[in-house]
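Q: The structure that follows is given in the form of structure tokens.
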Amino acid sequence: MITMQDTEQVVENLTELLKIAKENYSEERYTKVEKMYETLQDRIIVAPASGVAHYHSAYAGGYLVHVLNVIKASLKITAVLKAMDGDIDFTKEELVFAAMHHDLGKLGDLSHPYYIPNTSEWHIKNKGEYFAHDTDIQYMSVPDRSLFLLQHFGIQITQKEFIAIKLHDGMYGEGNKSYLMNNGKLPMKTNLPYVLHWADHISTVAERDQWKLKEFGEVKTD
């Protein structure tokens, strides 16, 4: 059975997301971002963060939970990096913007959602696959679709935001090797992709642990 986060909580999460955007973006950028979210609102409030129960936040409303977690984790990881004398070579706006939109492509394109409820009871029961991918959508990687949606709504991004969104899956993304392993040279001219990947990964792990706690009554590591 597909669950959904409490409707009131979903609305609160969307309100919080827009509040964070308003506090951190220029007025012009915020206006465009707000318009994008108004257009995609019906998708946002029901979108999961993943399709599989034991991955992370695989329930309607899970997308917002995950994005908020990544924003908060990004800010904390940046503080740790700074405390360790790491180079904070990006602005807070770039950090928040990249974190907020790293998984935007999971909302789908302009005509189709990315995730749809799985109609296979066998896959739900035996594999915990509560959502399937809509096969009518044009294939793109999630980062590429995120970037496509941003340009469609006329939202300009910096090079650092672009590279962070594109590489947020780190080495889990098959196409990222050429960026992250650049013939032994320093591959990145900014630390933002690293911070975003760390934040995304730790948020995913924490969300999966929360599922384990709910499912089994304890966090199982096996």
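The values are calculated or read from the model by the stated rules, or taken from the named source; none is laboratory data. This one's a predicted model, so the numbers in the text were calculated from it and none came from an experiment. As a convention, Cβ positions derive from the backbone with ideal geometry for all residues, glycine included, and neighbour counts pool all protein chains shown.
Q: Residues in segment 48-56: is at least one assigned to a helix (DSSP H, G or I) and either within 15 Å of the chain's Cα centre (by Cα) or closer than 19 Å to residue 163 by Cβ (or both)?
A: First pass over segment 48-56, keeping only residues assigned to a helix (DSSP H, G or I): none.
Looking for residues that are assigned to a helix (DSSP H, G or I) and either within 15 Å of the chain's Cα centre (by Cα) or closer than 19 Å to residue 163 by Cβ (or both), one finds none in segment 48-56, hence no.
Q: Out of the residues in segment 143-171 meeting the condition of being aliphatic (A, V, I, L, M) and assigned to a helix (DSSP H, G or I), tell me which one is surrounded by the most Cβ atoms within 10 Å (Cβ to Cβ).
A: 164
Q: So, one more: Do we have residue 195 as outside any loop (DSSP other than H, G, I, E, B), loosely packed, with under 15 Cβ neighbours inside 10 Å and at pLDDT 90 or above here?
A: Judged against the criteria, residue 195 is not a match.
Q: Moving to a separate point now. Of all the residues that make up segment 127-142, how many are surrounded by fewer than 20 Cβ atoms within 10 Å (Cβ to Cβ) and assigned to a loop (DSSP other than H, G, I, E, B)?
A: Total satisfying the criteria: 9.
Q: Suppose the filter is touching a Phe, Trp or Tyr at 6+ places or on another chain (Cβ under 8 Å) and without any contact (Cβ under 8 Å) to a residue 24 or more places away in the chain; does residue 116 pass it?
A: Taking the combined requirement at face value, the residue satisfies it.
Q: Okay, next question. For segment 100-126: of the residues being among the acidic types (Asp, Glu) and assigned to a loop (DSSP other than H, G, I, E, B), which is nearest to residue 204 (Cα to Cα)? It would help to see each step written out before you state the result.
A: Quick first cut of segment 100-126, residues among the acidic types (Asp, Glu) only: 103, 109, 121.
Going one step further and asking which of them are assigned to a loop (DSSP other than H, G, I, E, B), we end up with 103, 109.
Values: 103: 12, 109: 23 Å.
Per the stated criteria, the residue is 103.
Q: Has segment 5-15 got any residue that is hydrophobic (A, V, I, L, M, F, W, C), over 27 Å from residue 191 (Cβ atoms) and surrounded by fewer than 20 Cβ atoms within 10 Å (Cβ to Cβ)?
A: Checked against the condition, which is being hydrophobic (A, V, I, L, M, F, W, C), over 27 Å from residue 191 (Cβ atoms) and surrounded by fewer than 20 Cβ atoms within 10 Å (Cβ to Cβ), segment 5-15 yields at least one hit.
Q: Next question. Of all residues in segment 8-47, which are over 16 Å from the mean Cα position of the chain (by Cα) and part of a loop (DSSP other than H, G, I, E, B)?
A: Within segment 8-47, 25, 26 qualify.
Q: Can you find even one residue in segment 59-76 that is in contact with a strand residue (DSSP E or B) (Cβ under 8 Å, 6 or more places away or on another chain) and of a type in the set (Phe, Trp, Tyr)?
A: yes
Q: With the structure loaded, tell me whether residue 134 is farther than 20 Å from residue 67 by Cα and among the acidic types (Asp, Glu) or whether it fails that test.
A: Judged against the criteria, residue 134 is a match.
Q: I'd like the residue in segment 77-126 that is surrounded by fewer than 14 Cβ atoms within 10 Å (Cβ to Cβ) and of a type in the set (Lys, Arg) and, out of all such residues, is modelled with the lowest pLDDT.
A: 125
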